1. Check 35, 16 and return the single one that is among the small types (Gly, Ala, Ser), out of contact with any Pro (no Cβ under 7 Å at 6 or more places or on another chain), part of a strand (DSSP E or B) and surrounded by 12 or more Cβ atoms within 10 Å (Cβ to Cβ).
2. So is residue 28 β-branched (Val, Ile, Thr) and either loosely packed, with under 14 Cβ neighbours inside 10 Å or farther than 17 Å from residue 1 by Cα (or both) or not?
3. Against the definition (among the polar types (S, T, N, Q), outside any strand (DSSP E or B) and either open to solvent by 20 Å² or more (accessible area, probe 1.4 Å) or in contact (Cβ under 8 Å) with a residue 24 or more places away in the chain (or both)), how does residue 44 come out, yes or no?
4. Could you tell me how many of the residues in the range 7-49 are aromatic (Phe, Trp, Tyr) and over 14 Å from the mean Cα position of the chain (by Cα)?
5. Would you check if residue 52 is open to solvent by less than 80 Å² (accessible area, probe 1.4 Å), within 13 Å of residue 110 (Cβ to Cβ), within 15 Å of the chain's Cα centre (by Cα) and not acidic (Asp, Glu)?
6. Can you tell me which residue in the range 58-114 is nearest to residue 11 (Cα to Cα), limited to those that are within 12 Å of the chain's Cα centre (by Cα) and surrounded by fewer than 14 Cβ atoms within 10 Å (Cβ to Cβ)?
7. Would you confirm, using the coordinates I've provided, whether residue 5 is assigned to a strand (DSSP E or B) and surrounded by 21 or more Cβ atoms within 10 Å (Cβ to Cβ)?
Amino acid sequence: QVQLVESGGGLVQAGGSLRLSCTASGSTFDINAMGWYRQAPGKQREKVAGISDDGATTYADSVKGRFTISRDNAKNTVYLQMNSLKPEDTAVYYCKAVRGRIYWGQGTQVTVSS
């Protein structure tokens, strides 16, 4: 089993920055891909960014150039640096890890005011 705990969410004005963290515990060896997803009210959960175990990254078009995903394998932690935030980035952000099956964190709220 893998447990994921996110932190770093909050309220920020448009144009501001936040950094989300997600730390994995439990059976963390052989965790493959990790990533960040988000879900806004009334919308489906969507992928924001992903990172493989060898560091390859992918991003949703809507966040390219503004968000950066990174991973510290020694700390079993994945980060999401979010810059130039927009009101449409407001959502609950979820961390995802893949180790044989998919694991999700509990989510952290990000609110961007205009």
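The values are calculated or read from the model by the stated rules, or taken from the named source; none is laboratory data. Only a predicted model underlies this, so the values are computations on that prediction, with no experimental measurement involved. Glycine gets a Cβ as well: all are built from the backbone with ideal geometry, and neighbour counts include every protein chain shown. Please note that ligands, DNA and RNA were not included when accessible areas were found on the heavy atoms of the full protein model with its side chains. Shrake-Rupley method; radii C 1.70, N 1.55, O 1.52, S 1.80 Å.
1. After applying the criteria, what remains is 35.
2. Details: β-branched (Val, Ile, Thr): yes; either loosely packed, with under 14 Cβ neighbours inside 10 Å or farther than 17 Å from residue 1 by Cα (or both): no.
When the stated conditions are applied, residue 28 does not pass them.
3. Numbers: among the polar types (S, T, N, Q): yes; outside any strand (DSSP E or B): yes; either open to solvent by 20 Å² or more (accessible area, probe 1.4 Å) or in contact (Cβ under 8 Å) with a residue 24 or more places away in the chain (or both): yes.
Judged against the criteria, residue 44 is a match.
4. Adding up the residues that qualify gives 1.
5. Considered against the rule, which asks whether it is open to solvent by less than 80 Å² (accessible area, probe 1.4 Å), within 13 Å of residue 110 (Cβ to Cβ), within 15 Å of the chain's Cα centre (by Cα) and not acidic (Asp, Glu), residue 52 comes out as no.
6. Among those that are within 12 Å of the chain's Cα centre (by Cα) and surrounded by fewer than 14 Cβ atoms within 10 Å (Cβ to Cβ), it is 109.
7. It is false that residue 5 is assigned to a strand (DSSP E or B) and surrounded by 21 or more Cβ atoms within 10 Å (Cβ to Cβ).
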